[in-house]
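Presented below is the structure to which this report refers.
The values are calculated or read from the model by the stated rules, or taken from the named source; none is laboratory data. Computed from a prediction, not measured in an experiment: that's the story for all the values here. We place every Cβ from the backbone using ideal geometry, glycine too, and count neighbours over all the protein chains shown. These accessible areas exclude ligands, DNA and RNA; they are computed on the full protein's heavy atoms, side chains included. Shrake-Rupley method; radii C 1.70, N 1.55, O 1.52, S 1.80 Å.
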Amino acid sequence: MTHILVATDAWHPQVNGVVRTLTMMAEAAKGFGVEVSFLTPQSFRTFAMPSYPDLRLALPYPAKIAQLIEAAKPDSIHIATEGPIGLLVRRYCRKRGLPFTTSFHTRFPEYVSARSPIPESWVWRVLRWFHRPSQAVMAATPALAAELRMRGFRNVVLWSRGVDTSLFHPRSVDLCLPMPVYLSVGRLAVEKNLEAFLDLDLPGTKLVVGDGPALTALERKYPNAVFLGARHGEELAEIYAASDIFVFPSRTDTFGLVLLEALASGLPVAAFPVTGPRDVIGSAPVGVLDEDLRAACLDALQVSREDCVEFAGAHTWQASTRVFIEHALNVRPIEQEGEVAEFGAEDPHFAA
């Protein structure tokens, strides 16, 4: 059986789109005769991420990384994240002249600048350096792929996402809340722009599912909203199905798996017309994208739930996984080369 090793700094018990994507992709890969295993923080000591204590970063070291990779004997290596594990696996591959692929899941420049005075341009420079040797930089949407190319990334390819329609589908559930129910699902953090949703004057109920560093502050500031904390599996699927509109206020997500989960459950989407929702929905009549988020929420009430379900049904994890496997295995041998003078000097955007 062909074996792909995926290195990731994001892993269980984290609940986010990266972890869900990798987990679902690995399960679907079995149907293609491919084993996907993971090199994760579970093999190392971890520490709480500054400004985000719910997330823990690994403290890997080169010898252990080498040991784990050599024990796995993979046919291909994919680096999913740009954290400590991703960096050391990249280093391992570069020193040995091994080809590898990467994926771009998170808009770190915007996330970092929201929490610190570090300019976005500096973070983009580091990301270009990180992904430069990758034989395929996988991006979730055409708009994100185009942006990465514009920013100087090379070998950018498309790898879209899927949804588990056996779990997320319409059903009759009553949350006993005033209707209509406007639902938002995701990590509760500053970059998710939740206040843009919670500040709206809307009839019915604003319902928020998720956990994160902003939860306590948001609960205090918005006592009229309903915060359920993190929910998973069947319980989460029932909350989707019991709601009326899915509100996605983020302006920085590269895709937003929750969009497909909501649509599969029959929920029209209300969002800003930005990368992520614009790419997922496009011109399909399954949501309303508007800079006036309140207008989008109210107009989305007229969208057909049946159209939403039909749209989501075309986005399967099998199709997504097939593309990932093709990219991950379509690598060519490279000449051995080191890291000397790699950062910055050859980057045409270095002075940007």
query: Relative to the longest principal axis of the chain, what angle (0 to 90°, nearest 10) does the C-alpha long axis of helix 17-29 take?
result: 70
task: Please turn the phi angles of region 324-330 into ³J(HN,Hα) values with the Karplus equation 6.51 cos²θ - 1.76 cosθ + 1.60 (θ = phi - 60°), one per residue in order, whole Hz, x for glycine and proline.
output: 4, 4, 4, 5, 5, 8, 8
statement: Stretched fully, the stretch from R96 through H12 gains (0.36 nm per residue minus C-alpha distance, one decimal, in nm) 27.3 nm
message: As an exercise, find the ratio Rg/Rh for the chain from alpha-carbon atoms, using the Kirkwood inverse-distance average for Rh.
response: 0.97
field: Mean Cβ neighbour count within 10 Å, used as a protection proxy, ranking 220-226, 130-136, 55-61 highest first
entry: 130-136, 55-61, 220-226
task: Enumerate the amide H contacts of V157 below 5 Å, restricted to partners 5 or more residues apart or on another chain; note that Pro and chain-start residues carry no placed amide H.
output: V137, M138, A139
- prompt: Which value, in Å², gives the accessible area per residue of the chain when a 1.4 Å probe is used on the protein heavy atoms?
  reply: 44
- prompt: What list of ³J(HN,Hα) values in whole Hz, one per residue of region 244-258 in order, does the Karplus curve 6.51 cos²θ - 1.76 cosθ + 1.60 (θ = phi - 60°) give from phi, with Gly and Pro shown as x?
  reply: 10, 9, 9, 9, 10, x, 5, 10, 10, 5, 7, 8, x, 4, 4
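May I ask what percent, to the nearest 5, of DSSP beta bridges between residues of region 124-263 are antiparallel?
Details: 0 of 12 bridges.
Among the beta bridges of region 124-263, antiparallel pairing accounts for roughly 0 percent.
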- prompt: Rounded to the nearest 500, what is the chain's calculated 222 nm mean residue ellipticity when only DSSP H runs of at least 4 contribute -39500 (n - 2.57) each, over all residues?
  reply: -10500 deg cm²/dmol
query: Could you give the angle, 0 to 90 degrees to the nearest 10, between helix 84-96's Cα long axis and the longest principal axis of the Cα atoms of the chain?
result: 30
message: Which of C176, C297, C308 ends up with the largest GNM mean-square fluctuation for the chain, with Cα atoms connected below 10 Å?
response: C176
